[in-house]
Amino acid sequence: MEKKADTESKIARNLGRIKHKIIILSGKGGVGKSTVSANLAIGLSEKGYSVGLLDSDIHGPSIPKILGVEDKLPEATETGINPVSVHPKLKVMSMAFLIQDRDAPVIWRGPLKMGAIKQFLGEVNWGDLDYLIIDLPPGTGDEPLSVAQLIPDGTGAIIVTTPQDVALLSVRKSINFVKKMNIPIVGIIENMSGFICPHCKNSVDIFKSGGGLKASKDFMIPFLGKIPLDPQIVESGDSGKILMIKNEKSDTAKAFRDIIENIEKHVNKGWVKK
């Protein structure tokens, strides 16, 4: 059996080749966190960065479906596992690639999930990356705790929320979670912020608006931007044709690009909130 020190050494060596390690989390499910993670990863890679995207949701992995690569498989080699390449600048790893029956549930307790995440971090050949985006499952349970403990030198966390008060209750818990784990905060993204009518182009605040900005002010952390509630995001996720590429001139794609610029500003200039 591999010793704990050997495993930690592998992870440290592997992650030492990655400049920025960013976790994406939310306090509750249904806020579009995985869709946000996928579009951010695509957007960063489109800017020329080398990017890895780790789907660390053991029970409900969805990143391969969103990116249209669910039929591909990672390659086992003598040096580790080669992740799936979406294109030359973006590599992806997910539990979804390892489940033969897509309808079969993964019924694992904490230690098994911890072991899988250790393998994703230490045995996947991520190579030299500018960014590793880690899409966490909702909440503050086993997987977020495992990642936080295994990446003590992570660049920071991005918290995704929707505008309504119910979602913000959970977001505040996420903020306090990353603070207790001593993880820097890159900022907050408010998703589903206003529905843009495809006919008149007016915006309707179905889930209210401004909640993410209010939380950022309350906790004095950066606000990265708002993403509208856009039917094109649903269509692109279901079809596996990512919005940032399929509809690159849309208002939503522009919102993602603006957020990516804010992420670059906070990360590259060392403005990440402690």
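Residues in the range 243-257 that are outside any helix (DSSP H, G or I) and at pLDDT below 75: ASN247, GLU248, LYS249. Could you check the range 103-116 and list, in sequence order, the residues that are of a type outside the set (A, V, I, L, M) and free of Cβ contacts under 8 Å to residues at least 12 places away in the same chain? Answer for the range 103-116, where residues must be of a type outside the set (A, V, I, L, M) and free of Cβ contacts under 8 Å to residues at least 12 places away in the same chain: ASP103, ARG109, PRO111, GLY115. Just so you know, in the range 62-98 the residues that are β-branched (Val, Ile, Thr) and surrounded by 15 or more Cβ atoms within 10 Å (Cβ to Cβ) include one that is nearest to ASP130 (Cα to Cα), and it is VAL92.
Out of SER9, SER37, I need the residue that is over 22 Å from TRP108 (Cα atoms) and free of Cβ contacts under 8 Å to residues at least 12 places away in the same chain. Which one? Answer to the selection: SER9.
Residue by residue through the range 136-155, note down the ones that are among the hydroxyl-bearing types (Ser, Thr, Tyr) and either at pLDDT below 85 or in a helix (DSSP H, G or I) (or both).
THR140, SER146
Selection over the range 77-97 of residues that are without any contact (Cβ under 8 Å) to a residue 12 or more places away in the chain and not in a strand (DSSP E or B) gives a count of 2.
Considering only residues that are at positive phi and surrounded by 13 or more Cβ atoms within 10 Å (Cβ to Cβ), look in the range 211-242 and name the one that is modelled with the highest pLDDT. Working first, answer last.
Filtering the range 211-242 down to residues at positive phi leaves 220, 225, 240.
Now restrict to residues that are surrounded by 13 or more Cβ atoms within 10 Å (Cβ to Cβ): 225, 240.
On the way: GLY225: 95, GLY240: 66.
Selected residue: GLY225.
Kindly evaluate ILE66 against the criterion of being in contact with a Leu (Cβ under 8 Å, 6 or more places away or on another chain) and under 24 Å from GLN232 (Cβ atoms). No, not satisfied. On the basis of being closer than 26 Å to SER193 by Cβ and surrounded by fewer than 23 Cβ atoms within 10 Å (Cβ to Cβ), does LYS33 make the cut? In short, no.
Here are some residues: PRO163, PRO138. Which one is touching a residue at least 24 places away in the same chain (Cβ under 8 Å), more than 17 Å from the chain's Cα centre (by Cα) and crowded, with 21+ Cβ neighbours inside 10 Å?
Numbers: PRO138 fails: more than 17 Å from the chain's Cα centre (by Cα).
Checking each option against the conditions leaves just PRO163.
Residue pairs whose Cβ atoms lie under 9 Å apart, separated by 6 or more positions or on different chains, with the first residue in the range 250-264 and within 14 Å of GLU46 (Cβ to Cβ) and the second of a type outside the set (D, E, K, R) and surrounded by fewer than 17 Cβ atoms within 10 Å (Cβ to Cβ), are ALA253/ILE245. Evaluating LYS173 against the criteria (1) surrounded by fewer than 22 Cβ atoms within 10 Å (Cβ to Cβ); (2) among the charged types (D, E, K, R); (3) in contact with a helix residue (DSSP H, G or I) (Cβ under 9 Å, 6 or more places away or on another chain); (4) within 22 Å of ILE23 (Cα to Cα) leaves one unmet condition, (3).
In the range 1-74, counting only helices (runs of 4 or more DSSP H) that sit wholly within it, the ones holding 2 or more residues that are touching a Phe, Trp or Tyr at 6+ places or on another chain (Cβ under 9 Å) and within 24 Å of GLN149 (Cα to Cα) span 4-15, 33-46. On inspection, ASP128 passes the criterion of being surrounded by fewer than 16 Cβ atoms within 10 Å (Cβ to Cβ), under 24 Å from ILE42 (Cβ atoms) and over 17 Å from the mean Cα position of the chain (by Cα).
The values are calculated or read from the model by the stated rules, or taken from the named source; none is laboratory data. Since the model is a prediction, treat every value here as computed from it, not as a measurement. We place every Cβ from the backbone using ideal geometry, glycine too, and count neighbours over all the protein chains shown.
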